[in-house]
Amino acid sequence: MPSPISGIEVKPTVCFWCKAECGLLAHVKDGVLLTLEEDPAWPIKCYPPTAGCVRRKAAAEYLYHPGRINYPLKRVGARGEGRWQRIEWPDALDEIADKLDELRDRYGAETLGASGGTARTHDEYRARFFNLFGSPNLLGQERICFGPRSIMADAIIGMFPNYALTRDANCVLLLGAEPMVARPMVAAALLEAKKRGARLIVVDPCQTRSASMADLWLPLRPGTDSALLLGLIRVVVDEELYDKDFVERWCYGFDDLLERLQEYPLSRVSEITGLPAELIREAARMYAQNRPACCIEGEGLEHSYSSTQALHARWILAAICGNIDVKGGEIQMGPPGIVPTRDMELWDRLPKSQWQKMIGADRFRLSSYEAQIMLMRNITRVWGAPVNEMFHQCQCHTPSAYRAIITGQPYPLTALFTTHSNPMVTEIATRSVYEALKSPNLQLYVVIDFFMTPSAELADYVLPAATWLERPDIWAFSDYGSYIWAREAVVPHIVPGRYEHWRDYDIWRGLGIRLGQEADWPWETLEEVLDYRLAPLGYTLKTFPRVIVRPVVEKKYEKQGFATTTGKVELRSTVLEALGYDPLPKYLVPPESPQGDPELAREYPYILITGRRILYYYHAEWRQVESVRKHYPDPIVRVHPETARAEGIADGDWIWIETRRGRVRQKVQLFDKMDPKIISAEHGWWYPEMPGPEPSLHGVFESNINVCLSDDPDHCNPEMGSYPLRTALCRISKAEPVGASGFAGERR
Ligand SMILES: Nc1nc2c(c(=O)[nH]1)N[C@H]1C(S)=C(S)[C@@H](COP(=O)(O)OP(=O)(O)OC[C@H]3O[C@@H](n4cnc5c(=O)[nH]c(N)nc54)[C@H](O)[C@@H]3O)O[C@H]1N2
Ligand SMILES: Nc1nc2c(c(=O)[nH]1)N[C@H]1C(S)=C(S)[C@@H](COP(=O)(O)OP(=O)(O)OC[C@H]3O[C@@H](n4cnc5c(=O)[nH]c(N)nc54)[C@H](O)[C@@H]3O)O[C@H]1N2
Ligand code: SF4
Ligand SMILES: [Mo]
């Protein structure tokens, strides 16, 4: 209700700009957002606290930024030339739909792909459109973000658990994760646990903030987590620290595991990981003897060549120590009772003849429909409903899709959408992405975003999306979260004469009804959809109590078993086996690493880790928001002082970081809490202030570390196809600072 004096309305809402998902109070006057304030009544805490968040404070600056696209744009010059013309929404959708129809007729529905980013929108409607259109080629970031961990959790323990509930743990094991920056809800829970006296073990090649307050820090060699985890398991088994009763009753394949462990004596594990055997032993004991204990895995695991193996071993360790589905361990929440996301995706409507064509599915079978059918059959049997989004777990192999555009193999991919993603910056191997987006083989490229990103600059059409402030949403953390929240729109998404931002839902529905899908889009608005999804809980969007924190019930498996083929935790995985893979974890040498390619390592002697999270930014976002950028103007690369000395480099210098694929520049910060061989660069860097048209594309080739990374399928994890963002070989040399100046005309 607006206050009669000021005319200011205060609307409770939930922020979706980062994983903190803070409860906020939006101050709105005449449909215009003034500020976002912290809501003291919000029940879920995060760290760092909401109060200090610079993005929250910059909300209005972001929402009404002069760089925002307010109407659909159609390219009039050559791709990347920067010449655009405004087009009305119905005309844009008509033209795009006509082209899609034509391309589908000529090449088959699989000719269409769509790249999406990490959870930012109601992306199930992209999947719905695709399944009805007939294409299996969703692509994007899920392959290296949450896809691997959730697939492996489903396969081994029958549903991903919820680690936002860490507060009850007596020991927390962080595996390539830094919640203090990246997972604010987990960080708050972790701090609470620590305050209670919980132990903290951090596995990370670099000393993070978490590592600096840990009881044990294990700075392993990058890419060797699967070996370390097998070593931890070995100690737990050898010293009989495991939960024998649980293993006997609830684990399948313990004897096979014992046999595999013979290959991982601590001496070998120590040699692979570079960690002293005693430290590994101490960590294993600490984890096993301080129950309940909780593992939290992060991108250190998902972005590695051995991602499947490391994640498999991580679930085994948790299970044999009796930490599955207990408070303070890994609680499986199960479906939340709303209409499942999978049902909104209509994921089972894609005919087999089409899903079999998914690019890369024959090689990376763990991300295929075939694997999904096995996993969801088990989950639905035990939990009563499927969980997780299809687009999370079941995507074509993204690097292979960009290659398919270029080569026409295995078949022509001629049309591409990009939504809530900026592949020219965050997708691996920027030059391949660029070549694909510029290829004449790509006959239609549509970008749905708020700003002219380097990717949007290469599009044929750019469609302006509505931000979370301009739309309603519900979120249950991929249908297995410990909470569900819902919110209404805070400000209008269309203001006649000022802007016309469409909700992602409206775009997919608009295209769907133009392409014969009308019967499957019965809800005219997103509000109607959300009412439909909340109905099983007895709510509508308007009556929903904003957030429901779900009750925790322990050891549900005692009644229902685990949602795997055997009904047990599968130390030996029947799913991996059925797909023709090794059913047990092992260590794989990353092909591009000092061990995997010693000859290359002579030329490129350093190990490049990329993508350490930055508190102020969300991936490639926010660089154009001046009040945020001024806190963090430049890309920072961490170099060990010893290495800097050897290379003649000082703190604050700019350096070239160079791999076989190319080189970019970042600014040096000396950092001695890692091995001198490691170079840790940031990702997500482009310069919105630089010219949009080619050749600059907002400076996308200047500091964007993904220029340096490899999209070779042989470098990807063999089962899942996740790609190595953290173990490339590089060299460094002094460089001039990036040419263009920052915001104020000067660079700090
Ligand atoms: N502010 C902010 N928050 C974010 C994001 C953001 O961009 N900005 N992104 C969000 C998203 S989508 C994600 S996926 C999460 C990621 O969240 P996290 O995975 O928790 O964080 P990262 O900083 O990506 O990586 C964690 C650590 O992996 C380490 N690492 C590198 N190589 C290895 C290795 O081989 N083994 C091990 N064990 N560790 C290694 C790095 O040193 C780093 O400290 O963050 C989310 N939160
Ligand atoms: N080198 C390296 N590369 C990495 C990583 C790394 O660690 N190292 N991390 C990887 C990981 S884990 C991830 S998740 C990816 C992230 O990669 P992406 O998820 O692709 O993130 P961005 O590139 O920031 O692109 C997001 C775009 O979506 C727009 N957007 C935001 N919200 C919405 C919305 O609601 N609707 C629409 N239509 N658009 C929206 C924003 O304006 C922005 O341009 O990066 C990956 N890339
Ligand atoms: S951007 Fe800030 S306010 Fe929004 S969820 Fe993240 S921490 Fe909270
Ligand atoms: Mo991610």
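Summary table below
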| quantity | calculated |
| --- | --- |
| Hull-based mean projected area of segment 92-165, where the convex hull spans the alpha carbons, in square nanometres | 6.6 nm² |
| Cα convex hull of segment 414-531 - mean projected area over all directions, nm² | 9.6 nm² |
| Per residue, in Å², the accessible surface of segment 291-393 once ligands and nucleic acids are set aside, probe 1.4 Å | 25 Å² |
| Label point distance in nm, V495-Q409, each placed 7 Å from Cα along Cα→Cβ | 5.3 nm |
| Estimated dipole of the chain in Debye, rounded to 20 [Cβ of Lys and Arg +1, of Asp and Glu -1, Cα centre] | 1060 debye |
| Total charge dipole magnitude, segment 514-568, about the Cα centre, Cβ charges on Lys, Arg, Asp, Glu only, Debye to nearest 20 | 500 debye |
| Share of Cα-Cα pairs in segment 565-647 lying beyond 19 Å, as whole percent | 68 percent |
| Hits among lysines - C-alpha to C-alpha of K667 under 19 Å, sequence gap 8 or more where chains match | K630, K677, K734 |
| Amide H within-cut-off set for A728, under 5 Å, with H built and near neighbours excluded | L608 |
| Anisotropy class of segment 351-497 from Cα gyration tensor, a/c 1.5 cut | oblate |
| The chain, accessible surface, carbon-and-sulfur percent (1.4 angstrom probe) | 50 percent |
| Segment 271-366: C-alpha gyration tensor shape, a/c 1.5 cut-off, then a/b vs b/c | oblate |
| Relative contact order of the chain, pairs being alpha-carbon contacts under 8 Å that are 6 or more residues apart, as % | 18 percent |
| E88-E554 FRET efficiency (beta carbon distance; Förster radius 56 Å; 0.05 resolution) | 0.50 |
| Given K555/K586; K357/K586; K194/K327, the pairs whose alpha carbons are separated by over 21 Å | K555/K586; K357/K586 |
| Note, ³J(HN,Hα) from phi for segment 596-606, Karplus 6.51, -1.76, 1.60, rounded to Hz, x at Gly and Pro | x, 8, x, 5, 5, 5, 5, 7, 10, x, 9 |
| Linear extension gain, K57 paired with E282, 0.36 nm per residue minus alpha-carbon span | 76.6 nm |
| Counting all C-alpha pairs of segment 9-60, share separated by more than 15 Å (%) | 38 percent |
| Residue-span extension gain [A41 to R196] - 0.36 nm each, minus C-alpha spacing | 53.4 nm |
| Segment 196-247 - Rg and Dmax from Cα coordinates, angstrom | 13.4, 37 |
| Distribution of pairwise C-alpha distances over segment 530-588, 5 Å bins, in % | 4, 14, 13, 11, 9, 11, 13, 11, 9, 4, 0 |
| Heavy-atom accessible area order for K559, K542, largest first, 1.4 Å probe | K559, K542 |
| Karplus 3J(HN,Hα) series, Hz, for segment 71-78 with 6.51 cos²θ - 1.76 cosθ + 1.60 (x for Gly, Pro) | 9, x, 10, 10, 5, 10, x, 6 |
| L63 accessible area, assembled protein chains, probe 1.4 Å, Å² | 10 Å² |
| Computed accessible area, T426, all protein chains, 1.4 angstrom probe, square angstrom | 30 Å² |
| Rg in Å to one decimal, and Dmax rounded to a whole Å, for segment 306-422 via C-alpha atoms | 17.2, 51 |
| D_trans [Stokes-Einstein, Kirkwood Rh over alpha-carbon pairs] for segment 582-701, 4 °C, 1.567 mPa s, µm² s⁻¹ | 80 µm²/s |
| Distance histogram in 20 Å bins (all Cα pairs of the chain, percent per bin) | 17, 53, 28, 1 |
| Whether segment 444-591 is rounded, prolate or oblate, judged on the alpha carbon gyration tensor where a/c under 1.5 counts as rounded | oblate |
| Ranked order, L608, L588 - accessible area, probe 1.4 Å, largest first | L588, L608 |
| Probe 1.4 Å, all protein chains present, accessible-area order of E558, E599, E330, largest first | E599, E558, E330 |
| Residues of type aspartates and glutamates that K99 reaches as a straight line, Cα spacing below 13 Å, ignoring anything fewer than 8 places off in the same chain | D91, D460 |
| Size-normalised alpha-carbon gyration radius of segment 79-224, reference 2.2 N^0.38 Å | 1.54 |
| For q = 0.16, 0.19, 0.22, 0.24 Å⁻¹, Debye-computed log10 I/I(0) when each Cα of segment 256-321 counts as one equal scatterer | -0.64, -0.94, -1.27, -1.42 |
| Å³ per residue enclosed by the Cα convex hull of segment 402-453 | 74 Å³ |
| Directionally averaged projected area (convex hull, Cα atoms, segment 1-92), nm² | 9.2 nm² |
| Length-normalised contact order of segment 211-357 in % [C-alpha pairs under 8 Å, at least 6 apart] | 31 percent |
| Segment 564-612: Cα Rg divided by the 2.2 N^0.38 Å rule of thumb | 1.79 |
| Residue-level accessible surface for K352, protein heavy atoms, 1.4 Å, Å² | 120 Å² |
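The values are calculated or read from the model by the stated rules, or taken from the named source; none is laboratory data. Here the structure is a predicted model, which means the values were calculated and not measured. Neighbour counts are summed over all protein chains in view; Cβ atoms, including those assigned to glycine, are modelled from backbone coordinates with ideal geometry. Please note that ligands, DNA and RNA were not included when accessible areas were found on the heavy atoms of the full protein model with its side chains. Shrake-Rupley method; radii C 1.70, N 1.55, O 1.52, S 1.80 Å.
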